[in-house]
């Protein structure tokens, strides 16, 4: 029986210098900087939206295109190209027959006809789109009789001018001059003393024109007396002295209500005793509910106002 060969022992190799060194500590992987929290949130929001594929890329392209177009447009405006294009277009419209040839004026009765046409005729022969409607209107508003004006185009070749005239409310005498005024006291035109005044009330004195509307309302409150009034003087900037055609003067108190009450009392007393045309010079009603008269032959006589019906 043969003996088994004993296994050959191998001698361990000596450790190398690298193996003898202590193993190095493993390095953690390098961190890469990711998006900020706000950016990540926006990105997740866009991803959550049901947007078609490639939308964001198209949006970026469109944004860039709009910025380019805006920049080009700004440059065009800076060079005045739109104005030149608009002017060329206006001339082209004019060559097509849209040129001002006719001027039509409506609503004129007292406004100087030549003055109106002088303003409007500046636009004759112009291309319709180039007519300055507001400029013409402002020039018309500078005319004394014009309260309002409207200017419009009627194609192909007519300019329409509509005028609203001021309404005369009285005649103002100041500094030896007569002027026609409207309800707000604005001077409309000078008045020839020899011309008829169409029964317009005459107001006299400084700033009397500014109170002409109040005076017109006062005398309108007593229609019986209104045709008999010649005019009134604004005294001290606070009250009226009314002069009748028969020569008497009625002195009214201050304040609209007090003057209206006194005027009503005078109208009632005149209807009862016929005060006008009896030689009385002045009726003084500056004291409420009292009338003091001055007669040509008996100055200082008093007329007692009538008692109310409910009093004895």
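Residue 222 meets each of the listed conditions (1) in contact with a helix residue (DSSP H, G or I) (Cβ under 6 Å, 6 or more places away or on another chain); (2) under 11 Å from residue 172 (Cα atoms); (3) assigned to a loop (DSSP other than H, G, I, E, B) apart from (2).
Number of residues in the stretch 256-272 that are in contact with a strand residue (DSSP E or B) (Cβ under 8 Å, 6 or more places away or on another chain) and over 14 Å from residue 219 (Cα atoms): the value is 1. Taking residue 140 and the conditions (1) within 28 Å of residue 216 (Cβ to Cβ); (2) in a strand (DSSP E or B), which numbered condition does it fall short on, given that it satisfies the others? (2) is the only condition that residue 140 fails.
Would the stretch 149-161 turn up any residue that is modelled with pLDDT under 90, part of a loop (DSSP other than H, G, I, E, B), buried (at least 18 other Cβ atoms within 10 Å of the Cβ) and in contact with a strand residue (DSSP E or B) (Cβ under 9 Å, 6 or more places away or on another chain)? Within the stretch 149-161, none of the residues are modelled with pLDDT under 90, part of a loop (DSSP other than H, G, I, E, B), buried (at least 18 other Cβ atoms within 10 Å of the Cβ) and in contact with a strand residue (DSSP E or B) (Cβ under 9 Å, 6 or more places away or on another chain). The set of residues in the stretch 187-211 that are surrounded by fewer than 16 Cβ atoms within 10 Å (Cβ to Cβ) and free of Cβ contacts under 8 Å to residues at least 24 places away in the same chain comprises 190, 192, 193, 194, 195, 196.
Of the residues making up the stretch 165-186, those that are closer than 24 Å to residue 120 by Cβ and either surrounded by 14 or more Cβ atoms within 10 Å (Cβ to Cβ) or modelled with pLDDT under 90 (or both) are 165, 166, 182, 186. No other residue among 264, 259 is closer than 19 Å to residue 205 by Cβ and in contact (Cβ under 8 Å) with a residue 40 or more places away in the chain apart from 259.
Considering only residues that are at pLDDT 55 or above and in a loop (DSSP other than H, G, I, E, B), which ones fall in the stretch 82-118? Across the stretch 82-118, the qualifying residues are 98, 100, 101, 107, 108, 109, 110, 111, 112.
The values are calculated or read from the model by the stated rules, or taken from the named source; none is laboratory data. Nothing here was measured: the structure is a model prediction, and the numbers come from that model. Heads up, the Cβs are rebuilt from the backbone with ideal geometry, glycines too, and the neighbour counts pull from every protein chain shown.
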